[in-house]
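Below is one structure, written out as structure tokens; the observations come after it.
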Amino acid sequence: MIDTLLFDLDNTLLDFDKAEANAITRALGDVGISATNEMRDCYHKINLAQWKLLEQGKMTREEVKMRRFKLLFQEFDIKVSPQEVAKHYQDYLGQGHYFIEGAEEVLQELSKRFRIYLVTNGTLSVQRGRLKSSGIEKYLQGVFISEEIGYNKPSIEYFEKCFSKIPDFKKENTAIIGDSLSSDIQGGINAGIKTIWFHRAQDLTEDPQPKPDYEINSLKSLLKMLK
Ligand SMILES: [Mg+2]
């Protein structure tokens, strides 16, 4: 019987893609560059690729933060300091929040029956800012940000450290819910807990790898699934 839920934050509860597009537009604007859709799309792809390298242990967090801008600026022949833009970007990313549809309501409902923890690979200052702004902490028993934990999803070390902080923790009573197959679902499999893959229409693939135990395409369907 499931009694403990681990939720990913970005693109599971909060719309990271929207926050990212907004932050990159404002950060480039600060150095006199008017961001085009092409730049935003390119940044999105570069950023995603750098985070995948972090998940694989091939890149440090500090390298990710700088390299994404270096690569973007190379692509568009932009001659400004990546450090300066990175700093502005980080500040903007930590401000405000956009909910994924149903997130607040679902957390509120589920928090009556389950212990809910957050498991996220995001940057500490950014995630703290977004959590505060969103007001969802009242539904959570704990928040595990990888920068604080010292390991990243999907590593087993990350999950074991989280588990050690959950009172009366039992693997068989725990499920992870997240949008990323490579960090959330792979992480859940590594850790030996149930996995629920949340995907929006654009992310749907016929044969997801690794294979999650369950799939949902709206957060609200969790309410039925976890009845
Ligand atoms: Mg995510």
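Throughout, read-outs are computed from the coordinates displayed, never taken from laboratory work. Worth saying up front: this structure is predicted, and the values here are computed from it rather than measured. For neighbour counting, all protein chains shown are included, and Cβ atoms are generated from backbone atoms with ideal geometry for every residue, glycine included.
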Radius 9 Å from Cβ of Leu124, net charge of other residues (Lys, Arg +1; Asp, Glu -1): -1
Neighbourhood charge, 14 Å Cβ-Cβ cut-off, centred on Gly188 and excluding it, Lys, Arg +1 and Asp, Glu -1: -4
Binning at 5 Å from 0, report for the stretch 16-93 what percent of all alpha-carbon pair distances ends up in each bin. 3, 16, 29, 30, 16, 5, 1
One checks the Cα atoms of the stretch 92-204 and finds Rg and Dmax, in Å, of 13.8, 39
Compute the signed sum of charges (Lys and Arg +1, Asp and Glu -1) over the other residues within less than 12 Å, Cβ to Cβ, of Asp10. -3
Need the full-extension length gain, Phe169 to Ser182, defined as separation in residues times 0.36 nm minus the C-alpha distance. One decimal, nm. 2.3 nm
Taking amide H positions as placed 1.01 Å from N in the peptide plane, with prolines and chain starts having none, which residues 5 or more places from Leu219, or on another chain, fall under 5 Å of its amide H? none
For the stretch 163-227, run through the GluC sites (Glu not before Pro) and keep only the ones in DSSP coil with at most 10 other Cβ atoms within 10 Å of their Cβ. Glu206
Hey, got the Cα dimensions of the chain along the principal axes, in Å, largest first? 56, 35, 33
For helix 124-134, report the angle its Cα long axis makes with the longest principal axis of the Cα atoms of the chain; keep it between 0 and 90° and round to the nearest 10°. 70
Can you tell me the orientation of helix 37-55 relative to the chain, as the angle in degrees between its alpha-carbon axis and the longest Cα principal axis, to the nearest 10? 50
Between Asp207 and Asp30, how many nm apart are label points set 7 Å from Cα along the C-beta direction? 4.6
Taking Cα atoms, the helix 82-93 axis meets the longest principal axis of the chain at an angle in degrees (rounded to 10) of 40
Rank Val31, Val106, Val126 by mean-square fluctuation in a GNM of the chain with C-alpha springs under 10 angstrom and give only the top-ranked residue. Val31
Helix-only mean residue ellipticity at 222 nm for the chain, each DSSP H run of n ≥ 4 adding -39500 (n - 2.57), per residue, nearest 500: -14000 deg cm²/dmol
Mind checking the full-extension length gain between Lys52 and Met66? Use 0.36 nm per residue of separation minus the Cα-Cα distance, one decimal, nm. 3.5 nm
The stretch 77-161: which trypsin sites (Lys or Arg not before Pro) are DSSP loop and have at most 11 other beta-carbon atoms within 10 angstrom? Lys79, Lys112
